[in-house]
Amino acid sequence: MLDPKFKRKVWCCVGGAALALLLALFWLVRVEVTRHYQGVYLLRQGPYRLVLTDEILLGQEDRLLFALHWDKVAKTLRFRKSHAARDAHLQYDWFKSDGSGFVRNVLPDGTMLLTCFSRFVDAGNAIPRGLFVGGNVPYESGNASPQEGESGMAFFDGKKWRHLWGNASEAIALGESSRQLSPSKWEFLGSRVLVSSREKMVLSSSHRVAGQGMVLHIDRFAVFKAGEPYFVLVNRVRNEGKAPALYFYVYGDEPSVGEYGGSTGNVGWGDGRLFQYETGLDPARDSYFGMYDHGNSAAGETKGYTNLANFIESLGVRPDLIYFSNRRGSFASEKERVPLQSPTSRFLFMQWGPRQLAPGDADVYVLAIGMAGSRPGYDIPVKPSISFKDRDISDLLARHGKD
């Protein structure tokens, strides 16, 4: 018979080993609960660490070691039933606690436009919160491995997802600083679903950006209407500080139109013409532009492309700078004949600023972002007519802009 004291020693050793094991696991595995509850996912975090989470975002797929998806059969059946109805309508999934989700716009012919918000990890390995285009739909039953093109903004043509917009490159720079603050560095103040129906949706998110003695409060609104191949993004930037605020705001993307993951075949387009070379546009004249997956003959690209096109149009304060380029932040003049030829990074960008705001004043930026159409016998994309008017902007801000 074992001595009771020996038993106590054994149990003490076992308990110590268990505690050591728990401490090791605690150090090795970090638990992140987003409250999305899409499943259980185990990710690598560096050479020696792991992350256990309930959500996986675009940019984390290569780190995935294990996945267990919750059953979403009922949600999938609802989607299929409404899809069979063949009437234009909206569907969405939104997590207001962190301002992320997606909207599906089902068009009358059964094709679809998908727009994802803040479902990606940015270049700084951080996750933005709020109405920032980018990311993919959740991994779930019926969609356990989303198509690569099913991200950012994408078009389902009845057979395959085609890519339109990627993770938007937005930023604000304060004062004379050249340091750009990406959305993941904006303080997230909350998000809401303001309007939710089959015909119309309005989402909102609020943020604060501070530095160099300046404080900007930003309210963002995304407006969707069933059957329209675009959404409208309204940005109101208000100076909450006690001194004038000087700032820049940029919006751009290297959208990979057509096939996800590369820019090959993408050529710029605008009002009545194509842009084969790096160039700046005239903001006073050119209110919209986009990328067209048509092949750039100046880069030796002649055939085999989808002919899908995106567009972005400024409906509010006109930008101070608009350009196409193979690199972010600079561009050659069209006279220099530098073809848009990067296989991964053909950019389009808009910049506002430097702009100065007195305390309490606000700037309002309104962008229509979506998919362009085509016209038989016409080799240049056609921008859809935008139904969102100045009165709609005023009504939106009057109803919700002060919340």
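The values are calculated or read from the model by the stated rules, or taken from the named source; none is laboratory data. Quantities reported herein were computed from a predicted structural model and do not represent experimental measurements. Positions of Cβ are backbone-derived with ideal geometry, glycine not excepted, and every protein chain shown enters the neighbour counts. Surface accessibility is based on the protein's heavy atoms, side chains included, excluding ligands, DNA and RNA. Shrake-Rupley method; radii C 1.70, N 1.55, O 1.52, S 1.80 Å.
The distance from the alpha carbon centre of the stretch 356-403 to that of the stretch 246-281 is 19 Å, rounded to a whole number.
For K389, the solvent-accessible surface with a 1.4 Å probe is about 110 Å², rounded to the nearest 10.
Taking Cα pairs under 8 Å and at least six residues apart, what relative contact order does the stretch 210-293 come out at, in percent? Don't skip to the answer; put the middle values down first.
Working: 94 pairs, mean separation 18.4, N = 84.
Computed over the stretch 210-293, the figure is 22 percent.
For the stretch 189-344, the solvent-accessible area of protein heavy atoms averages 39 Å² per residue (probe radius 1.4 Å; ligands and nucleic acids excluded).
Relative contact order for the stretch 89-401: 15 percent, from Cα pairs under 8 Å spaced at least 6 residues apart, divided by residue count.
How would the stretch 89-401 be classified by its alpha-carbon gyration tensor: rounded, prolate or oblate, with rounded meaning a/c under 1.5 and the a/b versus b/c comparison settling the rest? Can you show the working numbers first?
Working: a/c = 1.58, a/b = 1.17, b/c = 1.35.
It is oblate, given that a/c is not under 1.5 and a/b is not larger than b/c.
Between D320 and S345, what is 0.36 nm times their sequence separation minus the Cα-Cα distance? Round to one decimal in nm. Write out the running numbers ahead of the final one.
Working: separation 25, 0.36 × 25 = 9.00 nm, distance 2.24 nm.
6.8 nm is the gain from fully extending D320 to S345.
Label zone of D271 (point 7 Å out along Cα→Cβ, amide N under 15 Å): in the stretch 281-314 this covers 281-290, 312-314.
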